[in-house]
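Notes for the one structure printed next.
The values are calculated or read from the model by the stated rules, or taken from the named source; none is laboratory data. Here the structure is a predicted model, which means the values were calculated and not measured. Counting neighbours? That spans all protein chains shown, and the Cβs are built from the backbone with ideal geometry, glycine included. Note: accessible area is taken over every heavy atom of the protein model, side chains too, but ligands, DNA and RNA are not part of it. Shrake-Rupley method; radii C 1.70, N 1.55, O 1.52, S 1.80 Å.
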Amino acid sequence: PGTIVCMPTGGASGIVPAAVYRIGERLGKSETEQENALLVAGLIGAFYYPTHYTGAIGCQAEIGSACSMAAAALAELHGMELDQIEYAAEVAMEHHLGLTCDPVRGLVQIPCIERNAVAAMRAINALSLANFLTYTRKISFDVVVNTMYETGRDLFSKYRETGEGGLAKYYTGKK
């Protein structure tokens, strides 16, 4: 109580709690069950830690890893098997590969806040895919984590947390 945790980062901190709280409440899960789901999210996050969470390798590392963590937590809330939890985490990251980090004016308000909402919905979609496709998949969680890191290293520097490329470059403040 009274402790704020940015999971995994400040810019992506809305994804895991939004998904876990919303689905946990909808499913009638207890606080303990929701806490256990957060532990699963943290475990998935630990696999991303060596590759870095920051926008220094693109927003894929922040938003993508948070989406992956949320998808795994949701799979835990639904009582899925370990293979399904892993697949939910994998597919959630897979569909964030290459996402640039382009904060407008160096702030996380644009585009990060919207990316948090979209990623929370993607975590729910990853959960659905894991429910039906786990045993037909071709990509492993390990492969997607390594791919994220390599992709991030290959991104042009202006698309990595600098505010010099992408939306940050073209945002004018006008609609």
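Structure summary
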| item | result |
| --- | --- |
| Any cysteine of the chain lacking a neighbouring Cys Cβ under 4.7 Å - listed by number | CYS6, CYS67, CYS112 |
| Net +/- balance of residues flanking GLU164 in space, Cβ distance below 10 Å, scoring K and R +1, D and E -1 | +1 |
| Under Karplus coefficients 6.51, -1.76 and 1.60, residue-wise ³J(HN,Hα) of the range 137-143 in Hz, glycine/proline x | 5, 10, 10, 8, 4, 4, 5 |
| Probe 1.4 Å, accessible area per residue of the chain, Å² | 54 |
| Inter-site label distance for LEU39 and ARG105 at 7 Å from Cα along Cβ, in nm | 4.3 |
| Residue-wise HN-Hα coupling along the range 99-107, computed from phi with Karplus coefficients 6.51, -1.76, 1.60 (Hz; x: Gly, Pro) | 5, 6, 10, 9, x, 6, 6, x, 9 |
| Modelled FRET efficiency - R0 25 Å, LEU167 with THR136, Cβ distances, 0.05 increments | 0.10 |
| Candidate lysines - alpha carbon under 23 Å from LYS138, same-chain residues fewer than 8 apart omitted | none |
| Integer Hz, Karplus 6.51/-1.76/1.60 couplings in order for the range 55-71, x for Gly and Pro | x, 4, 10, x, 5, 3, 6, 7, 5, x, 5, 5, 5, 4, 5, 5, 4 |
| ARG160, ARG115, reordered so the largest accessible area comes first (probe 1.4 Å) | ARG160, ARG115 |
| Lys/Arg +1, Asp/Glu -1 at C-beta; the chain dipole; positive extreme among CYS101, TYR49, LEU127 | CYS101 |
| Area of THR147 that stays accessible when all protein chains are in place (1.4 Å probe, Å², to 10) | 50 |
| Rounded accessible area of SER13 (nearest 10 Å², 1.4 Å probe) | 40 |
| Candidates GLU76, GLU31, GLU90: whichever shows maximal mean-square fluctuation once the chain is modelled as a Gaussian network with Cα springs under 10 Å | GLU31 |
| Relative contact order of the chain, defined on C-alpha pairs under 8 angstrom at six or more residues apart (%) | 28 |
| Point-charge dipole on Cβ atoms (K/R +1, D/E -1) for the range 44-175, about Cα centre, debye to 20 | 700 |
| Cross-link reach list, lysines versus LYS169, counting only Cα pairs under 21 Å and skipping chain neighbours closer than eight places | LYS158 |
| Within the accessible area of the range 1-111 (1.4 Å probe), percent carbon and sulfur | 59 |
| Descending semi-axes in whole angstrom, ellipsoid equivalent of the range 1-68, from the Cα gyration tensor | 23, 11, 11 |
| The range 1-143, Cα convex hull volume normalised per residue, Å³ | 102 |
